[in-house]
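All remarks here apply to the structure that follows.
Any read-out appearing in this document is the output of simple, stated calculations on the displayed coordinates, not a laboratory observation. Source: prediction; values computed, not measured. Every residue, glycine among them, receives a Cβ derived from its backbone with ideal geometry; neighbour counts consider all protein chains shown.
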Amino acid sequence: MSNIQEEIKLNASKVDAYLNSYFKNQNSNSKLYEAMKYGLFSGGKMIRSYLVHAACKVFDIKEKDYIPIAAAIECVHSYSLIHDDLPSMDNDDFRRGKESTHKAYGEFTAILAGSSLLTMAFEMISDHNFKIPDEKKTKIIHALSFCSGHLGIAGGQFYDLSLEKEKVSQDLIIDMQNKKTGALMGFCTEVACILANKENERETFKDIGVKLGLLFQIADDFLDKYGKKETLGKPSQQDEVKGKNTLLSYLGEDKTKELITKIKSEIENSLKQYSNNNALIDLMHYMTERKS
C-alpha cells in the first residue's frame, strides 16, 4: 500500500469514528436508520474526506475543526450515491461490492435514507458540540447547500440523466460533470479557506477542487471502460450501454489524456505558491492513476 493510500485510510478511520459516535447518539431501531447506516458505511475510500484534510493541511487547520465537516460531506456524498442508484435514475443494483441501498431495503426506504443523510449533514455542522464560530458555520452551510442543490450535485445528475443518448458539446459535458462531481469537491477545498479566514482565496481553492473533481470523473470513465467488476465492486462498461455523455466518448482516449495533463498542470500552477501543498498534489496524482 502506497503512502497516500495509507494516509487516506487513516483519515477515513477518523471520519468513520466521528460518524459512528454521531449515529450512536441518534440510535433508532427503525429500518430507515439501518438503511442510512448501510448506505453511509459502505466501504468507500472517502476520497472527499481526505480532500478536506489535504486542503486544510495547506493552512495548518486542526483536525477537530475539519473532521465534523468531512463527516458531513460523506453524508452528502452517500445521499447522492443512494439516489443515483435508484431505478428511476441510474438503476444500479450494486455499489462498492454489495447491493445498492434500494435493493437491500426497498426503493421508498432508500429515497428517505438518502434524504435523511443530506439533512443530517447540516445538522452535524450546526451542532453546538462542533466548536467553531457561528459565522463560519453559516458560511460553510451556505456553501454546502449551494453545491448540493440544482446548481451542484442535483443539477449535474439531472443533466446526466436527461441528456443520455443525446449529442451534446464538450462544454456541456464539462459543465454537467463539474456540477455532479466537481461541486462537492470544490466545497471540500473551499472550506479550508473558510476555516482559515482566507476569504480572498476561496474561489481559487474552490476552482482547484472542481478541477480535481473533473479529473476524478475522467478516471471513473476510464475505469468504467477498462475496469473489472471484481475490482470496481459494480458492473463495468455501463456508460456506453446507457448512452452516457463522457469526455472519453466525446474526445477519444488520446485527447482525453491530453486534457488530463492540462488540468493537472493548471492545478499545480495554482498551488505552487503554497508550501504545504504536497498532500493535495499527491492526491491529484492518486486520483488519476487509481485502479478502483
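Got at least one residue in the range 192-206 being surrounded by 14 or more Cβ atoms within 10 Å (Cβ to Cβ), touching a residue at least 40 places away in the same chain (Cβ under 8 Å) and either touching a His at 6+ places or on another chain (Cβ under 7 Å) or assigned to a loop (DSSP other than H, G, I, E, B) (or both)?
yes
Quick one: would you say residue 156 is crowded, with 23+ Cβ neighbours inside 10 Å, within 17 Å of the chain's Cα centre (by Cα), within 20 Å of residue 46 (Cα to Cα) and not hydroxyl-bearing (Ser, Thr, Tyr)? So that I can check it myself, show each step before the final result.
Numbers: crowded, with 23+ Cβ neighbours inside 10 Å: yes; within 17 Å of the chain's Cα centre (by Cα): yes; within 20 Å of residue 46 (Cα to Cα): no; not hydroxyl-bearing (Ser, Thr, Tyr): yes.
Against the criterion (crowded, with 23+ Cβ neighbours inside 10 Å, within 17 Å of the chain's Cα centre (by Cα), within 20 Å of residue 46 (Cα to Cα) and not hydroxyl-bearing (Ser, Thr, Tyr)), residue 156 does not qualify.
Please go through the range 25-46 and pick out each residue that is surrounded by fewer than 14 Cβ atoms within 10 Å (Cβ to Cβ) and among the small types (Gly, Ala, Ser).
Of everything in the range 25-46, those that are surrounded by fewer than 14 Cβ atoms within 10 Å (Cβ to Cβ) and among the small types (Gly, Ala, Ser) turn out to be 28, 30, 43.
Would you say residue 136 is assigned to a helix (DSSP H, G or I), out of contact with any strand residue (DSSP E or B) (no Cβ under 6 Å at 6 or more places or on another chain) and not polar (S, T, N, Q)?
On the way: assigned to a helix (DSSP H, G or I): yes; out of contact with any strand residue (DSSP E or B) (no Cβ under 6 Å at 6 or more places or on another chain): yes; not polar (S, T, N, Q): yes.
Yes, satisfied.
Of the conditions (1) touching a Phe, Trp or Tyr at 6+ places or on another chain (Cβ under 9 Å); (2) closer than 12 Å to residue 76 by Cβ; (3) without any contact (Cβ under 8 Å) to a residue 24 or more places away in the chain, residue 100 satisfies every one except a single condition; which number is it?
So the condition that residue 100 fails would be (2).
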